[in-house]
Amino acid sequence: MSLIIPFDNSFARMPGVFFSHQNPVAVKNPHLIAWNADLAAVMGITPGEVEERASVFAGNAIPEGATPLAQLYSGHQFGNYNPQLGDGRAVLLGELVGTDGIRRDIQLKGSGRTPYSRQGDGRAWLGPVLREYVVSEAMHALGIPTTRALAAVETGETVQREQGYPGAVLTRVAKSHLRVGTFQIFAARGDTRSLTQLTNYAIERHYPEAVGPMGLLRAVRDAQAKLIAHWMSVGFIHGVMNTDNSSISGETIDYGPCAFMDAYHPNTVFSSIDRMGRYAYSNQPDISVWNLAQLATALIRRMDDPEAAVEEATEIVHAMPDMLQSHWLTRFRAKLGLLNAEDGDAELIAELLQGMAENQADFTNTFHALGKPNARDQFVSPAVFDTWEENWRARVEREANVDETLRLANPVLIPRNHRVEQMIEAAVAGDYAPFNRLNAALSQPFVENAEYADLRTPPTQQEVVQATFCGT
């Protein structure tokens, strides 16, 4: 049986200004190390033989119907505009419409140099490939919109970073790879024709109910507001929310220095290059508004009446903070077992979070333990929790099905940083058992399973991961 991917490539039919045709660069000795059979089935892919999958998803063989290309975009990186970026180590094989009716891109990440690689080698090493595989699939299991991982392949080659590492290629699946930066580059160039074509394409592909550029802006705002609130509710830190990493589809994209918090603190930063804390946990809502403003600035260039467009775009962007706060409150109310809104809920949430920050309480374990005797054990000073719990119990008396609400809102498991690092270290040494076990456990993050009890444990002082690193 041969590998069959039912490609239906719409982006490749766009004008060539949006991309460069680019085949992936073949590797020495591809070996398939991970295959997402469930995702493949949803996408209508017939998997074929293992060796064929390894060859295709390493970039050594181009499957029938593929139109490989590297996308062009620009973006603000840590607030500074870079006029040209693009896929420097990724090739989009094509798109298909899955059995669920959803159109998705298939992209190889780490597949060699492209016209946008600048000084990079276009390759990826095994660690970041496995990190993105694990974390993106965990995010999906948590119900958070995200790109997904279809396959991971070892290349049989060495990738040189601070030292030599085994090379790998990740096959990433997304509703599209259109970014805020995709719009920015054509606005900056004054290419309104291309900007119009791109806007129409994005609306048709993602938001067919939207009307015109401002309709697209509203739709992106709504999707991003929900997404960021969902991130916050599980303690996720993206790490590098540049506009070229902000997806128009409202999916989490580009897992570089991402991480989940262990001990809660609003100023937590993991990215090794975020020295000023621009993308700290608590800053993510504000940054998402800033990114939306950059999209608005680009889309205004498309409008016939820029003055009226500025007024409308300003109204759309200025509505986002309240929208984010509303989604945040809904998420965190549920984390306290509350489905009905009451005055004072925001203060109750804030008091718990403040106590957690001051007492080094584990974010995931504290919320999961609410209503159980061991919740207070998460606090250095348990009396702080006891005082808060008394007020909380008085509040939940006015709610129904509290235990079920808590269960559905508070995961048992997240991809803890130290476990991810341990998994990578084992894989580099040739042992994929921790990778497979982590994936299996994180596929059911809301289920209590004694087999995976160790994965719930916060890191010891020696195991704490102080920084995660950008790029591959």
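The values are calculated or read from the model by the stated rules, or taken from the named source; none is laboratory data. Here the structure is a predicted model, which means the values were calculated and not measured. Positions of Cβ are generated from backbone atoms using ideal geometry, with glycine treated the same way; all protein chains shown enter the neighbour counts. Calculation scope for accessible area: heavy atoms of the full protein, side chains included, ligands and nucleic acids excluded. Shrake-Rupley method; radii C 1.70, N 1.55, O 1.52, S 1.80 Å.
Scanning the stretch 109-126 for residues that are part of a loop (DSSP other than H, G, I, E, B) and in contact (Cβ under 8 Å) with a residue 24 or more places away in the chain returns Gly110, Gly112, Arg113, Thr114, Pro115, Tyr116, Ser117, Arg118, Gly120, Asp121, Gly122. Filtering Ile106, Ile102, Ile144 for residues that are buried (at least 18 other Cβ atoms within 10 Å of the Cβ), under 22 Å from the mean Cα position of the chain (by Cα) and more than 20 Å from Met241 (Cβ to Cβ) leaves a single hit, Ile106. Based on this model, can you work out whether Tyr116 counts as aromatic (Phe, Trp, Tyr), in contact with a strand residue (DSSP E or B) (Cβ under 8 Å, 6 or more places away or on another chain) and surrounded by fewer than 24 Cβ atoms within 10 Å (Cβ to Cβ)? Criteria met by Tyr116.
Got a sec? Which of Arg189, Arg221, Arg205 is modelled with pLDDT of 95 or more, more than 21 Å from the chain's Cα centre (by Cα) and either under 30 Å from Phe332 (Cβ atoms) or among the charged types (D, E, K, R) (or both)? Testing whether each residue is modelled with pLDDT of 95 or more, more than 21 Å from the chain's Cα centre (by Cα) and either under 30 Å from Phe332 (Cβ atoms) or among the charged types (D, E, K, R) (or both) leaves just Arg189.
I'd like to verify a number: residues in the stretch 23-63 that are of a type in the set (Phe, Trp, Tyr) and out of contact with any Ser or Thr (no Cβ under 7 Å at 6 or more places or on another chain), how many? Explain how you work it out, then say what you get.
Residues of the stretch 23-63 that are of a type in the set (Phe, Trp, Tyr), as a first pass: 35, 57.
Imposing the further condition that a residue be out of contact with any Ser or Thr (no Cβ under 7 Å at 6 or more places or on another chain) reduces the set to 35.
Matching residues across the stretch 23-63 total 1.
Could you tell me whether Ala361 is touching a residue at least 12 places away in the same chain (Cβ under 8 Å), crowded, with 16+ Cβ neighbours inside 10 Å and not hydroxyl-bearing (Ser, Thr, Tyr)? Yes, satisfied. Report yes if Val402 is over 18 Å from Ala152 (Cβ atoms), of a type in the set (Val, Ile, Thr), open to solvent by less than 80 Å² (accessible area, probe 1.4 Å) and over 24 Å from the mean Cα position of the chain (by Cα), otherwise no. For Val402, the condition - over 18 Å from Ala152 (Cβ atoms), of a type in the set (Val, Ile, Thr), open to solvent by less than 80 Å² (accessible area, probe 1.4 Å) and over 24 Å from the mean Cα position of the chain (by Cα) - is met. Selection of first residues in the stretch 264-279 that are on the phi > 0 side of the Ramachandran plot and free of Cβ contacts under 8 Å to residues at least 60 places away in the same chain and of second residues that are open to solvent by less than 70 Å² (accessible area, probe 1.4 Å) and in a loop (DSSP other than H, G, I, E, B), restricted to Cβ pairs under 7 Å at least 6 apart or on distinct chains, gives the following pairs, ordered by first then second residue: Gly277/Val269. The residue list Glu390, Glu351, Glu347 contains one member that is loosely packed, with under 14 Cβ neighbours inside 10 Å and under 23 Å from Ile228 (Cα atoms), which is Glu347. Given the conditions (1) over 18 Å from Arg172 (Cα atoms); (2) touching a residue at least 24 places away in the same chain (Cβ under 8 Å); (3) open to solvent by 10 Å² or more (accessible area, probe 1.4 Å), which single one is not true for Asn245? Among (1) over 18 Å from Arg172 (Cα atoms); (2) touching a residue at least 24 places away in the same chain (Cβ under 8 Å); (3) open to solvent by 10 Å² or more (accessible area, probe 1.4 Å), the lone unmet condition for Asn245 is (1). Looking for something assigned to a helix (DSSP H, G or I), over 24 Å from the mean Cα position of the chain (by Cα) and among the charged types (D, E, K, R) - is there at least one such residue anywhere in the stretch 423-445? There is no residue in the stretch 423-445 that is assigned to a helix (DSSP H, G or I), over 24 Å from the mean Cα position of the chain (by Cα) and among the charged types (D, E, K, R).
Applying the criterion of being open to solvent by 20 Å² or more (accessible area, probe 1.4 Å) and among the charged types (D, E, K, R) to the residues of the stretch 255-277, the residue that is farthest from the chain's Cα centre (by Cα) is Arg275. A residue that is open to solvent by 30 Å² or more (accessible area, probe 1.4 Å), in a helix (DSSP H, G or I) and either touching a helix residue (DSSP H, G or I) at 6+ places or on another chain (Cβ under 6 Å) or among the β-branched types (Val, Ile, Thr) (or both) cannot be found anywhere in the stretch 61-76. Taking the stretch 1-13 as the range and being over 19 Å from Ile102 (Cα atoms) and either under 26 Å from the mean Cα position of the chain (by Cα) or exposed (fewer than 14 other Cβ atoms within 10 Å of the Cβ) (or both) as the test, the residues that pass are Met1, Ser2. For the stretch 402-412, the condition of being touching an Asp or Glu at 6+ places or on another chain (Cβ under 7 Å), modelled with pLDDT of 95 or more and in a loop (DSSP other than H, G, I, E, B) holds for at least one residue. A count restricted to the stretch 206-223 and to residues that are in a loop (DSSP other than H, G, I, E, B) and hydrophobic (A, V, I, L, M, F, W, C) stands at 2. Being open to solvent by 10 Å² or more (accessible area, probe 1.4 Å), out of contact with any Asp or Glu (no Cβ under 6 Å at 6 or more places or on another chain) and part of a helix (DSSP H, G or I) narrows it down to one residue among Ile203, Ile228, Ile185; which is it? Testing whether each residue is open to solvent by 10 Å² or more (accessible area, probe 1.4 Å), out of contact with any Asp or Glu (no Cβ under 6 Å at 6 or more places or on another chain) and part of a helix (DSSP H, G or I) leaves just Ile203.
Residue-by-condition table, conditions (1) closer than 26 Å to Asn417 by Cα; (2) outside any strand (DSSP E or B); (3) open to solvent by 30 Å² or more (accessible area, probe 1.4 Å):
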| site | (1), (2), (3) |
| --- | --- |
| Asp38 | yes, yes, yes |
| Ala41 | no, yes, yes |
| Gly88 | no, yes, no |
| Tyr133 | yes, yes, no |
